[in-house]
Structures are given as C-alpha cells and as structure tokens.
Amino acid sequence: MKTRFPVELLFLIAGPAIWLAHFLFIYTVNAVACAKSALGGTWMGLPASSWIIVAGSVLALGGMALAAWRQRRRVRVCGAPPFHAWLTAALSVLSALAVVWETLPVFLMPACQ
C-alpha cells in the first residue's frame, strides 16, 4: 500500500511541530501570568502558571510519544520505509529533550523575575 506524502510528512515533523507549539505556549502563559496577576495563586509552592506549563509539557511529551508510536505502526501496516519510523522517533526524542529543557526553569527559578 502506498503512503500519501502529506500524511507521511506530518508524521515525520510531528515532534518538532509539537515542540514549536509548546515553546509558544509556555512563553504566552508566562507573559500573561507576569502581565496580569490572574494566575498568581500558588499550589505546592508553585504559581498556577507554572502548573499550567507543566501540564502543557506533559501533553507535549505524550503527543510526541503518540506520533512516534503511530508512525511505527503505519510503517508496518503501509509498508513505508523503516527509516521513516526511525526518523520520527529520533526527532521526537530530540524534541522531547527540548521540552524538558524548557520546563526545568519552572522548578529552578521563580516566575516573573
């Protein structure tokens, strides 16, 4: 069975695309939290904006894992080159490292300073 190029391309770049959306999300949440004190409540020592960022990070990591798993399954079912599954997984792992790296400051430094 032949795979369609646009679908294949979307799976290949899913990890970096999710990382990009996460990057924009965390900066938007942090900017809104610093500009308006609406997200100023704390829970377990962290402001609400930090928990929103952590939740977004968990969702991003889950989305990357799902994309890599689906691509691996698609390669087996559709007969696509195995390199596509490997490349999707590698890009997802690199993007996951970037997401974790962007999330670490939530725990290391106070928000809005």
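Observations
- Taking residues in segment 31-47 that are over 14 Å from PRO110 (Cβ atoms), and partners anywhere that are in a helix (DSSP H, G or I) and at pLDDT below 75, the pairs with Cβ atoms closer than 8 Å and at least 6 places apart or on different chains are VAL32/ALA38; VAL32/LEU39.
- Inter-residue pairs, beta-carbon under 7 Å, first closer than 17 Å to TRP69 by Cα and in segment 3-29, second of a type in the set (D, E, K, R) and not in a loop (DSSP other than H, G, I, E, B), 6+ apart: PHE11/ARG70; PHE11/ARG74
- Those residues of segment 16-30 which are within 16 Å of VAL106 (Cβ to Cβ) and in contact with a helix residue (DSSP H, G or I) (Cβ under 7 Å, 6 or more places away or on another chain), in sequence order: HIS22, PHE23, PHE25, ILE26, VAL29, ASN30
- Residue satisfying all of: in segment 78-111; touching a residue at least 24 places away in the same chain (Cβ under 8 Å), surrounded by 13 or more Cβ atoms within 10 Å (Cβ to Cβ) and over 17 Å from the mean Cα position of the chain (by Cα); nearest to PRO16 (Cα to Cα) among these: HIS84
- Candidate set: segment 81-109, residues that are of a type in the set (Gly, Ala, Ser) and out of contact with any Phe, Trp or Tyr (no Cβ under 6 Å at 6 or more places or on another chain); chosen: the one nearest to PHE25 (Cα to Cα): ALA96
- Qualifying residue in segment 12-23 (condition: over 11 Å from the mean Cα position of the chain (by Cα) and at pLDDT 75 or above): yes
- Qualifying residue in segment 60-67 (condition: in contact (Cβ under 8 Å) with a residue 24 or more places away in the chain, hydrophobic (A, V, I, L, M, F, W, C) and surrounded by fewer than 17 Cβ atoms within 10 Å (Cβ to Cβ)): yes
The values are calculated or read from the model by the stated rules, or taken from the named source; none is laboratory data. No experiment lies behind these values; they were computed from the predicted model shown. Methodologically, a virtual Cβ is constructed for each residue, glycine included, from the backbone with ideal geometry; neighbour enumeration extends over all protein chains shown.
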